[in-house]
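A.B. asks: Let me begin by handing over the structure; questions about it come next.
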Amino acid sequence: MMPEILPWQSAIWQHLSASIVSRRIPQAILLSGTAGLGKRRLADVYAAALLCQSPLSSGLACGICSACKLFLANTHSDYLLIEPDEPGKAIGIDKVRQLTVKLALKPQFSAYRVVIFQPADSLNNHSANAFLKCLEEPGERTAFILISQQPAKLPATIRSRCQKFHCTSPDKQLAEQWLLQQGVTQDAALLLKMSQGAPLLAKSYADQQLIALKVEFFQAWLQVAEGKQSFLAVAEHWQKQDRVDLAVLLLWLISAIKDILKLAYQLDPAEIDNPDFKKPLQALAQRLELKAVFNYYDKLLTSRSLLATQVNKQLLLERLIIDWYELNSPCI
């Protein structure tokens with residue numbers, strides 16, 4: 001089945017489909033936005049349309065021509081995906097050099113050749129410079145699609161050569177309606193809070209039943225604050241669990257600290273990300289020193305950025321839990 005446009009992507013698709021219908025294809029586009037909004041799906045819809053031999057009047061791929069069948073079978077020779085060998089690693093220069101060799105040849109079919117970089121921000125300095133040469137001399141009927149959660153990490157020379165589309169979260173009603181259509185009949189609002197409003201991520205959380213894990217996570221975190229749990233034992237347990245990535249756990253921590261700050265400044269409680277823990281978070285907001293909370297928030301953001309490096313995750317997590325305990329220790 002051909003990939004479909006998600007309901008909240010219609011505005012971006014109008015621009016892309018207009019370029020397909022008018023045959024004024026951008027040399028490169030940059031799709032940015034947080035995880036869970038369907039950037040890759042949108043890229044595949046666009047790619048399929050460019051590869052299609054008989055696109056529909058809407059700009060979408062027909063789904064029945066030989067090119068579409070090859071695309072669905074993931075065997076289309078003019079569809080190239082450039083990604084790291086392992087998640088979190090860089091896209092090395094060798095991959096870009098291999099791409100350059102392929103781009104020197106004409107596309108094998110009569111439509112476009114499509115090259116997707118995901119995530120584009122994982123290009124290192126050397127591979128980014130090599131890719132810039134590809135952008136400057138792209139070859140015949142070649143379109144690049146760059147997908148990124150952190151487009152600012154891309155060199156300005158690459159960003160400036162792309163037509164930019166920023167994917168945003170849909171409004172709550174549309175997101176909840178889509179989740180219901182996908183079979184998520186419970187806790188849709190809470191799942192969207194957990195996923196920062198990203199419907200695909202919320203659906204993934206529902207499938208993995210992560211609400212219960214998040215409750216366990218928060219309870220242990222609060223018990224450390226109260227001196228009822230060993231911070232080393234909690235850090236070891238979180239590091240050993242394999243249901244969610246450490247980046248997700250840090251995101252949950254960041255959301256909790258943000259909620260504490262929001263409640264401390266008496267903002268609308270409906271705006272907090274963890275309404276199921278409103279009462280204990282409000283108690284923390286009333287007793288913790290705000291300057292120390294802000295400092296801890298900065299440490300969390302720094303720690304999250306370090307996950308892309310060779311940092312010792314066990315030690316990083318232990319340090320964050322110790323800092324959390326010490327932040328609360330004058331109040332225990």
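A.B. asks: Under the condition of being of a type outside the set (D, E, K, R), in contact with a helix residue (DSSP H, G or I) (Cβ under 9 Å, 6 or more places away or on another chain) and free of Cβ contacts under 8 Å to residues at least 60 places away in the same chain, which residue from the stretch 297-311 is farthest from Ile257 (Cα to Cα)?
C.D. replies: Within the stretch 297-311, the first condition is being of a type outside the set (D, E, K, R), and the residues that meet it are 297, 300-303, 305-311.
Narrowing further to those that are in contact with a helix residue (DSSP H, G or I) (Cβ under 9 Å, 6 or more places away or on another chain): 297, 300-301, 303, 306-308, 311.
Next, only the ones that are free of Cβ contacts under 8 Å to residues at least 60 places away in the same chain stay: 297, 300-301, 303, 306, 311.
Details: Tyr297: 6, Leu300: 9, Leu301: 11, Ser303: 14, Leu306: 19, Val311: 23 Å.
Among those residues, the one meeting the criterion is Val311.
A.B. asks: Quick one: which of Phe294, Phe231, Phe277 is modelled with pLDDT under 85 and either surrounded by fewer than 18 Cβ atoms within 10 Å (Cβ to Cβ) or within 23 Å of Glu326 (Cβ to Cβ) (or both)?
C.D. replies: Only one candidate passes the filter, namely Phe231.
A.B. asks: So, one more: Just to be sure, is Leu80 part of a strand (DSSP E or B) and not acidic (Asp, Glu)? Don't jump to the end; show me each part of the working.
C.D. replies: Working: part of a strand (DSSP E or B): yes; not acidic (Asp, Glu): yes.
For Leu80, the condition - part of a strand (DSSP E or B) and not acidic (Asp, Glu) - is met.
A.B. asks: Just to check your reading of the model, which residue among Ile257, Ile272 is of a type in the set (Val, Ile, Thr) and closer than 17 Å to Gln223 by Cα? Lay out the reasoning, then the answer.
C.D. replies: Details: Ile272 fails: closer than 17 Å to Gln223 by Cα.
Checking each option against the conditions leaves just Ile257.
A.B. asks: Can you tell me which residue within the stretch 297-321, out of those that are among the β-branched types (Val, Ile, Thr) and at pLDDT 85 or above, is surrounded by the fewest Cβ atoms within 10 Å (Cβ to Cβ)? Even if it seems obvious, please write down each step before you answer.
C.D. replies: First pass over the stretch 297-321, keeping only residues among the β-branched types (Val, Ile, Thr): 302, 309, 311, 321.
Next cut, at pLDDT 85 or above only: 302, 321.
Details: Thr302: 10, Ile321: 23.
Checked the stretch 297-321; the qualifying residue surrounded by the fewest Cβ atoms within 10 Å (Cβ to Cβ) is Thr302.
A.B. asks: Taking the residues in the stretch 10-55 that are of a type in the set (D, E, K, R) and within 25 Å of Val248 (Cβ to Cβ) as candidates, determine which candidate is surrounded by the fewest Cβ atoms within 10 Å (Cβ to Cβ).
C.D. replies: Applying the first criterion (of a type in the set (D, E, K, R)) to the stretch 10-55 yields 23-24, 39-41, 44.
From the residues that got through so far, the ones that are within 25 Å of Val248 (Cβ to Cβ) too are 39-41, 44.
Values: Lys39: 26, Arg40: 17, Arg41: 15, Asp44: 21.
It comes out as Arg41.
A.B. asks: Considering the stretch 114-142 alone, what residues qualify as being in a strand (DSSP E or B) and at pLDDT below 95?
C.D. replies: We begin by selecting, within the stretch 114-142, every residue in a strand (DSSP E or B); these are 114-117, 123, 142.
The answer is Leu123, Thr142.
A.B. asks: Still on this structure, please answer the following. Can you confirm whether Leu201 is within 18 Å of the chain's Cα centre (by Cα) and either modelled with pLDDT of 95 or more or closer than 19 Å to Lys278 by Cα (or both)?
C.D. replies: Values: within 18 Å of the chain's Cα centre (by Cα): yes; either modelled with pLDDT of 95 or more or closer than 19 Å to Lys278 by Cα (or both): no.
So Leu201 does not fit the description; no.
The values are calculated or read from the model by the stated rules, or taken from the named source; none is laboratory data. Everything quoted here is computed from the prediction, not taken from an experiment. For neighbour counting, all protein chains shown are included, and Cβ atoms are generated from backbone atoms with ideal geometry for every residue, glycine included.
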